[in-house]
Structure formats: structure tokens, C-alpha cells
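Just so it is clear, none of the values below were taken in a lab; they were calculated from the coordinates. What you are looking at is a predicted structure, and each value in this text was computed from that prediction instead of being measured. Glycine gets a Cβ as well: all are built from the backbone with ideal geometry, and neighbour counts include every protein chain shown.
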Amino acid sequence: MACAFLLVLVVATVVSIRQSMRANSEAAMAQAVNDFLQNDLLAQASAATQSGASAKPDPHLEVRTALDRAAARITGTFDRQPEVEAAIRNTIGETYMNLGIYPEARKQLLLALDLSRRALGANSPRALKIISRLGRAAFLEGKYPESEALFSQALESQRRVLGSKHIDTLYSMNDLANAYAIQGKFALADPLYRQTLDVRGGVLGPEHPDTLATMNNLGISHYQQGKYAQAEALFSQTLEIRRRVLGPEHPDTLRSMNNLAIVYDAQGKYAQAEALDSQTVSIERRVLGSEHPEALRSMGNLANLYYDQGKYAQAEALDKQSLQIQRRVLGLEHPDTLASLNNLANVYTLQGRYSQAEALHSQALEIKRRLLGPEHYDTLVFLSDFASMYQRQGKFVPAESYAAQTLAGRRRALGSENPDTMASAADLALAYVSERKFVEAEPLAREALEFNRKKQPDDWQRFRAESLLGASLAGQKKYAEAEPLLLSGYHGMLERKNRMAVPDQYHLDRAGESIVQLYSAWGQPGKAAEWKHRLKESNVAAALN
């Protein structure tokens, strides 16, 4: 018994010593990281620290320059402390990522991963967390398949090493679901969101910020799929909890207000959307200031709402105001500045000011391509808007070119089972129909129609695709086959007109024109005249409203 008691004491002492050593190591590493950031990064703000044989003080030192200098100083400084170097490189990598400098972020994170693996092992929690961060960097770069692979790799190991309820595991689950959703893999995304939501709700509580973040993400996934009622329910629930728990002026509460306004907008609930957007802008201007990025972003959302309602003068005024401040405060190449630039170009397009629209679209697209690459999600949105401008202007050759580039990019980046990809397929089909390339238009229209019938059968895009397929068949003189498709497509959009943004009603007008063209080419002038009169009366009624 005495020997056994002694053994227990020895084991307890060893465990205590190990815990003490681990705690001391953690404290020493934290202090080393703090010292480096304080002395080698933040101290660069001092003119004295900047001065040297090869450097002059820079009173306007940018964060990017300071980061670059700090990153260069790491090499060789912590040769005997790989864990410390890994922690510092991880911190610098995250900072680069937050600044949108993704190649440098990736470089630092890869170095941090290598150091962590060598110091702590390939499956150490820190190494796995860095893999997940690399997935985040790839996601932000628009490299969605790569981000999916990295999140999957991290998640598989974290579940085994840390368990399914660990905070790091749950972050990777949420991020992997985001990677699925952005690629249109909703059958994989939604169950993973729900699983994450259930576990976070059980472990952290149903009102924890992380739980609410997953609830919000699931709402966004529903919104992307056109499941607006389900998205609205989730956004409303998230907003109610955030208002009660965080307060009516917390940034997360305000973001929930923005999201709910967006889904109201998508359903044509413009009065509710405008009230919520206006309230958000008012709070953010008062609490954050009129030049805060969040306030400017909300102004942009309100401008987009005006745009969707056809209130182009009001949209233009807000976009111009936001853009002027963003250029000065954030810089021309900031994502928010470029979004306002592109939005203003869209407003000019709908006002028929095509030369101004083209100049802004060209500028925004060039910067996006240079900063994010040709197949980033945002780049492809800008490219799609450029195609739309040419289509509405009647310049169908460049419209076809830009629509084809957008479709090819979205097929590669998002896959063919994605609503945005299929919208691009319909856009290219429209350009082909406009150029009388009916044979080329038909397979694209069929693909878009099949997707929409299966994935979003009640969305107006389904009936747009139906009309385009009818137009492509009519152009090939397959009149009997084309007629029911053209009629169904037109009536389907007409019945959902109150859910269509005013700019999207262009497609309803085109669908009506295609019916007139069908009957004229089919040798039925009476029906053609009847439809001309009907469309004219409809346009007069819309103008009176």
C-alpha cells in the first residue's frame, strides 16, 4: 500500500510538473509574440524606430508596409523557438487576410503550418487550426474547390483529435458548409449547417453569437436557393434574438436587419425592406458616424433597394454619396468602393447613360480582375453586369462575349448546379437569340429550364428560361413546339411580376416580343396584332401606376 501510495504521489507530481511546464511554455510564447508585435510591428509608428542607415522615417506608414517589414524580420529571430515563430506568422497571416492581401496571407500561414507541424506534430490542434485558416484564405480568394478541400481536411482530423463538439471543429464545420453553399452544393451545405446549428446550440446555447452566426448562414443558403420564406423566418428569428441579447444597436443586430431587408426586397416587400434599411442607416450614422464602412454599406443596400423599385434618381444619389466617401476613406480598390462603383454603373445603364456606365464598369472590372483574379465570385458578378449593359444597349456581340466569359468562369468556380451559373446560361441564351443564333441558344435554355424546374420551380427565372427555349425553337421554325413554352414563360413571369425587381422586368418585355415574333413568322397576323395590342395596353397601365 505504501508503494502504491508513493507511486500515485510520483505520478501526480509528474502530471503537475508537466502542466506547470505547459503553462510556462504558453505564457512564454504569448509574451514572445506580444514583444515581437509591440517592438517590431507597432513600434514602427515611431519615427525613431523607423530611422536607420537604410530607412527614413515615414509619418504616413501604411499597415501593409509595417506588416511587410515585420514579416521580413522574423526569419532567423526565432530559430530555437519554432512555436513562437509559428504563432507570429499565423497572426501576421490573419492580418494580411483581413486586409485582403491574400497571397501574402497564404505565404505566412503556410510557413506557420510547416513550423507547427515540425514543432507539435501534423495533427496538433494548432496545425489543424492553421489548415482551416488556409481554407478561409482560399475561400476569400474565390478558390472554392481548394477551400472545400482544406476545410474538409481540417474537419476530418479535428473530429478525430478534438471531438465533434470542440470549438475549432465547429468553426471548420461552419466554414465547410459556406464553401459548399457558395458552389451551389446546397444538398451538402444545408445538412452541415443544421448539424452545426444543433451542436452549437447544445454546447454553447441557442443564443450564443456562434450559434446565431450559423443560423444566419443557413438563412443565406435558403436565400441563395430562392427559398425566401424560409430565409425570412431564419433572419427574423436571428434578428429577434440579437435585438434582445445584444441590443438594438449592436453591429450583429444591424447586420441581421440588413439581411432581413434584402430578403424582403427579393420578395417584392419593398415597403418593409425600405423601412428596415432606412432604420439601419439612421442608427449606424448616429452610432458609428456617417463615414463608417458599415454605415456606407447599409447606404449601398438602400440604394440597391431604390434601384430594384425603379427609383433610379434616388439610387444614383446614394451611390454617388457612398462612392465619394469610400474613395476618400477606404481607397479606390477597397471591395466596398468597387461595389458602389459597379452599382452606380448599373444605375446609369437603366437610365440609358451607356457611355458613363461602360466607363465605370471597365474601371471596376479591371481592378477586380487584377486584385482577385478572373474567376472570383465578385469579378464574375461585375462581368455579368457588363454583359447586361451591352444586352440592354442592343450591342449583342459584346453582350455575347461577356456572357460567355461569365458562364465559363461560373461553371469552373461554382459548378453547373448553381443558380448564378444557370442565370448566366440564360443570359448567354438571350444574347444568342438576340443575334438570331437559335441553334446555339437552345441547349443553354434547356439546361437553365431543367435546373429551375428542379431547384426553384416557382421563381421567375424558371419562366424566363421557358420563354428563351420557346424563342430558340421559334427561330428554328418549330412553331408548334415553341408556342406553349412562350405563352407559359410570359404568363409565369407576369404572375410573378410583383416579385421581380423593376430592372428584371426587361425579360418580361422580351418574352412578350417573342410571342409577337412567333405569330408573325408562323403566318398568324391576327394573333400577332392581338398580342401587340395587349402588350401596348400592359405598358400603358404600368406607366400609369
Notebook entry, point to check: Looking at Leu518, Leu487, Trp460, which one has the Cα that reaches farthest to the positive end of the dipole of segment 457-534 (charges on Cβ: Lys, Arg +1; Asp, Glu -1)?
Noted result: Leu518
Item checked: Cα→Cβ-extended label distance, 7 Å offset, between Arg328 and Leu188, nm -> 4.7 nm
Next item on the list: Pull out the extension gain between Arg243 and Asn498, defined as 0.36 nm times the separation in residues minus the alpha carbon to alpha carbon distance; nm, one decimal.
Entry: 88.8 nm
Item checked: Cα centroid of segment 320-370 to Cα centroid of segment 81-113, whole Å -> 32 Å
Notebook entry, point to check: What list of ³J(HN,Hα) values in whole Hz, one per residue of segment 143-149 in order, does the Karplus curve 6.51 cos²θ - 1.76 cosθ + 1.60 (θ = phi - 60°) give from phi, with Gly and Pro shown as x?
Noted result: 8, 5, x, 5, 5, 4, 5
Next item on the list: Would you please give the FRET efficiency between Lys395 and Gln81, computed as 1/(1 + (r/R0)^6) with r the Cβ-Cβ distance and R0 = 45 Å, to the nearest 0.05?
Entry: 0.15
Notebook entry, point to check: If you rank Ser132, Ser467 by fewest surrounding Cβ atoms within 10 Å, what's the result?
Noted result: Ser132, Ser467
Notebook entry, point to check: Peptides 165-178, 239-252, 512-525: what's the order by average Cβ count within 10 Å, highest mean first?
Noted result: 165-178, 512-525, 239-252
Note to self: Compute the helix-to-body angle for 525-544: its Cα long axis versus the longest principal axis of the chain, expressed 0 to 90° and rounded to tens.
What the structure shows: 50 degrees
Margin query: In the chain, if the dipole is taken from +1 on Lys/Arg beta carbons and -1 on Asp/Glu beta carbons about the Cα centre, which of Tyr193, Val263, Gln230 is farthest to the positive end?
Written below: Tyr193
Notebook entry, point to check: Using 7 Å Cα-to-Cβ label points, what is the Ala233/Ala271 separation (nm, one decimal)?
Noted result: 2.5 nm
Next item on the list: Set the Förster radius R0 to 25 Å, insert the Cβ-Cβ distance between Glu366 and Arg64 as r into 1/(1 + (r/R0)^6), and round the FRET efficiency to 0.05.
Entry: 0.75
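Taking the Cα centre of segment 165-242 as origin and charging only Cβ (+1 Lys, Arg; -1 Asp, Glu), how large is the dipole, in debye to the nearest 20?
160 debye
With charges set only on the Cβ (+1 for Lys and Arg, -1 for Asp and Glu), what does the dipole of the chain come to about its Cα centre, in debye to the nearest 20?
Using Cβ point charges on Lys, Arg, Asp and Glu, the chain gives about 440 debye.
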Checklist line | Cα gyration tensor category, rounded, prolate or oblate, for the chain with a/c compared to 1.5 | finding: prolate
Next item on the list: Using the number of other C-beta atoms within 10 angstrom as an exposure proxy, rank Asp385, Asp319, Asp114 with the fewest first.
Entry: Asp114, Asp385, Asp319
Notebook entry, point to check: Mind listing the phi-derived Karplus ³J(HN,Hα) values for segment 106-115, rounded to whole Hz, using 6.51, -1.76 and 1.60 with θ = phi - 60°, and x for any glycine or proline?
Noted result: 4, 4, 5, 5, 5, 5, 4, 5, 4, 5
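What shape does segment 468-545 have by the C-alpha gyration tensor, where a ≥ b ≥ c are the square roots of the eigenvalues, rounded means a/c under 1.5, and otherwise prolate means a/b greater than b/c and oblate the rest?
On the way: a/c = 2.64, a/b = 1.49, b/c = 1.78.
In terms of gyration-tensor shape, oblate.
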Next item on the list: Please turn the phi angles of segment 418-430 into ³J(HN,Hα) values with the Karplus equation 6.51 cos²θ - 1.76 cosθ + 1.60 (θ = phi - 60°), one per residue in order, whole Hz, x for glycine and proline.
Entry: 10, x, 5, 4, 6, 5, 5, 4, 5, 4, 5, 4, 5
Check: Once you put a point 7 Å from the Cα of Lys536 and another 7 Å from the Cα of Glu440, both along the Cβ direction, what distance in nm separates them?
Finding: 3.5 nm
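How large is the dipole of segment 323-431 about the Cα centre if only Lys and Arg carry +1 and Asp and Glu carry -1, each at its Cβ, rounded to the nearest 20 debye?
Dipole about the Cα centre, nearest 20: 220 debye.
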Next item on the list: Could you tell me the distance between the Cα centroids of segment 482-541 and segment 122-164, to the nearest Å?
Entry: 51 Å
Next item on the list: For segment 343-409, just say rounded, prolate or oblate: build the C-alpha gyration tensor, square-root its eigenvalues into a ≥ b ≥ c, call rounded for a/c under 1.5, and beyond that prolate if a/b exceeds b/c, oblate if not.
Entry: oblate
Margin query: Which residue, His208, Ala303, Leu113, has the largest displacement toward the positive end of the dipole of the chain when charges sit on each Cβ (Lys, Arg +1; Asp, Glu -1)?
Written below: Leu113
